[in-house]
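Quick notes on the structure that follows.
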Amino acid sequence: MSETVDLSRIRSGEQKQLSKAQLAGSNLEGAHLTEADLSQANLRGAVLTGAHLQKTNLRANLRGVELMGADLRGADLRGADLRGAVLIEAETDTASFSGAFLAGAVLSNLNLVNADFRGADLRGASLTGAMLIGADFSSANLSGADLSQANLEEANLAGAVLRGVNFTRANLLCARIEQTILDGAVLDGACLEGTPLVEI
């Protein structure tokens, strides 16, 4: 059963228990939802530009959501549906994306150092210019993703599907790429020093 939600309370930060709430298409720009429980909520197409979502449980339907400039530090996005979501200029330090559905999402130029993308679906996602030093993409599907100019130094791409990925001018220094599928990947100008390109 869906919950009736008082949007004025969300904007003031009073509403913390929003599990299973129906917020599809809502305008929650600048909302204060730090440490809120939005697990299983429906936020499809919602506008969360500049929202405060630190340590928030966002294991929810976030398909097509606008998170531009949102504060997602420490947010739990494991298994979340973020297909087509826009996270430009979002703060994502220590956010967890393992098992998340990020196909077609825009994560360009984000600081995702040591981010957890294990088993995530990133098909066709844009990560151009992203800071991905030490990020864990093990067993993730990055088919057709754009990682041009991204910094993947020491990233873990072991077991990832990298079919058709654009790595143009990306830094893959000492990245782990064993047991990956690299068919059709574009590596023009990529820095590959110390990275063993071995397909098993």
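The values are calculated or read from the model by the stated rules, or taken from the named source; none is laboratory data. Note that this is a predicted model, so its numbers are computed, not measured. Because the Cβ atoms are built from the backbone with ideal geometry, glycine has one as well, and the counts that use them run over all protein chains shown. Note: accessible area is taken over every heavy atom of the protein model, side chains too, but ligands, DNA and RNA are not part of it. Shrake-Rupley method; radii C 1.70, N 1.55, O 1.52, S 1.80 Å.
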Please determine whether any residue of the stretch 109-132 is of a type in the set (A, V, I, L, M, F, W, C), out of contact with any strand residue (DSSP E or B) (no Cβ under 8 Å at 6 or more places or on another chain) and assigned to a loop (DSSP other than H, G, I, E, B). no
Failed condition for D188, given (1) acidic (D, E); (2) closer than 20 Å to G99 by Cβ; (3) open to solvent by 30 Å² or more (accessible area, probe 1.4 Å): (2)
Residue within the stretch 58-74 that is part of a loop (DSSP other than H, G, I, E, B), open to solvent by 30 Å² or more (accessible area, probe 1.4 Å), within 23 Å of V161 (Cα to Cα) and at pLDDT 95 or above present: yes
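Quick grid of which residues meet (1) modelled with pLDDT under 95; (2) buried (at least 24 other Cβ atoms within 10 Å of the Cβ):
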| position | (1), (2) |
| --- | --- |
| L102 | no, yes |
| G124 | no, no |
| A155 | yes, yes |
| A158 | yes, no |
| F167 | yes, yes |
| A175 | yes, yes |
| Q179 | yes, no |
For the stretch 1-32: of the residues being in contact with a Lys or Arg (Cβ under 6 Å, 6 or more places away or on another chain) and modelled with pLDDT of 90 or more, which is surrounded by the fewest Cβ atoms within 10 Å (Cβ to Cβ)? A24
Return only the number of the condition from (1) under 14 Å from L18 (Cβ atoms); (2) open to solvent by 20 Å² or more (accessible area, probe 1.4 Å); (3) at pLDDT 95 or above that L48 does not satisfy. (2)
Test for S148: is it within 23 Å of D81 (Cα to Cα), open to solvent by less than 40 Å² (accessible area, probe 1.4 Å) and either touching a residue at least 24 places away in the same chain (Cβ under 8 Å) or part of a loop (DSSP other than H, G, I, E, B) (or both): no
How many residues are within 18 Å of V161 (Cα to Cα) and buried (at least 23 other Cβ atoms within 10 Å of the Cβ) when one looks only at the stretch 110-122? 4
So how many residues does the stretch 88-100 have that are open to solvent by 40 Å² or more (accessible area, probe 1.4 Å) and assigned to a loop (DSSP other than H, G, I, E, B)? 4
